[in-house]
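Single-structure report; data block below.
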Amino acid sequence: MRIDIWSDIVCPFCYVGKRNLELALAEFEHRDEVDVVWHSFELDPSATEHPAGSLPELIASKYQMPLEQAIVSQESLAERAREVGLDFNWRQARYGNTFDAHRVIHYASEQGLAAAAQEAFKKAYFTEGRSVQDHESILDIASEVGLDTAEVEAVLKSDRYVADVRADEQLAHQLGINGVPFFLFESKWAVNGAQPAEALLQALRHVWEQTHRVEFLNPLATENAQASEAGASCDVNGNCS
């Protein structure tokens, strides 16, 4: 089973959604047959490394809400993160542009380390208060994942994976995705948002059933007649009839 996920590094619900999917997969009977493919999504392509004001002030300005409401929203997000074992230290979060980090994650994907890179960059932002835009910080995070530092530096100094990030975003646009996280199962079944682990587990089982069901056909049935009895078969006890 393939699951395509659109996600941004600085999206709190993306981090919670990632953890919920991991919890669901831990309970899924066919988890070893699930292939997760990560896709880039930028919630704020115009973001800068050192914006004026704190994270709540930025949110209050962007969404035209009182500062107190923005602070409450961050506290609520932090509590939701704690429920799944995550620490959201929003007071020290260093907001920034995620485009280059997304490019590095594409490189990580080629090395089989996409999930590890997603986790490392999200943890760096939400828990550790580290920059996800500054190149030195990106290099440090990438090295902790196990990526070759020289290769990552070469990526950052070039336009490698620019087209890959843009392709992800273009596909999201074509699919009508305007919010993340967004989970697409087998290119057909969609789950939008950070759904609880129980809901994601239900989705996993539903899609598995739909894509692995056995269709029984009666070769003797016609337009005007249907067989009234099952065909000959043998059961596990050796009984044949």
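From most to least packed by mean Cβ count within 10 Å, the peptides 132-145, 28-41 give 132-145, 28-41.
Per the Debye calculation on the stretch 120-164 with a single equal scatterer at every Cα and no solvent contribution, log₁₀ I(q)/I(0) for q = 0.15, 0.21, 0.29 Å⁻¹ amounts to -0.37, -0.70, -1.07.
When +1 charges are put on Lys and Arg Cβ atoms and -1 charges on Asp and Glu Cβ atoms, the dipole computed for the stretch 19-153 relative to its Cα centre reaches about 540 debye. On the principal axes of its alpha-carbon atoms, the stretch 36-76 has extents of 38, 24, 15 Å, going from largest to smallest.
Would you mind getting the Kirkwood hydrodynamic radius of the chain from its Cα pairs, rounded to one decimal in Å? Result for the chain stands at 20.3 Å. Of the peptides 189-196, 8-15, the order by per-residue mean of other Cβ atoms within 10 Å, starting with the highest, comes out as 8-15, 189-196. Which values of log₁₀ I(q)/I(0), to two decimal places, follow from the Debye formula for the stretch 49-127 at q = 0.14, 0.20, 0.21 Å⁻¹ with a uniform point scatterer at every Cα? Log10 I(q)/I(0), no solvent term: -0.57, -0.96, -1.00. Restricting the calculation to Cα atoms, the stretch 1-98 shows an Rg/Rh of 1.04 when the hydrodynamic-style radius is the Kirkwood one. Treating each Cα of the stretch 92-189 as an identical point scatterer and summing with the Debye formula, the log10 of I(q)/I(0) at q = 0.13, 0.15, 0.19 Å⁻¹ comes to -0.47, -0.63, -0.96. May I ask for the angle, rounded to the nearest 10°, between helix 197-212 and the longest principal axis of the chain, with both axes built from Cα atoms and the value confined to 0 to 90°? Roughly 40 degrees between the two axes. In the chain, taking the dipole from charged Cβ atoms about the Cα centre, the farthest positive-side position among Val214, Leu184, Pro45 is held by Pro45. Taken about its Cα centre, the chain carries a charge dipole of roughly 420 debye when the Cβ of each Lys and Arg holds +1 and the Cβ of each Asp and Glu holds -1.
Where a number appears in this text, it was derived from the coordinates with a stated rule and is not lab data. None of the values given here were measured: they were computed from a predicted structure. A quick note on method: Cβ atoms are made from the backbone with ideal geometry, for glycine too, and the neighbour counts reach across all protein chains shown.
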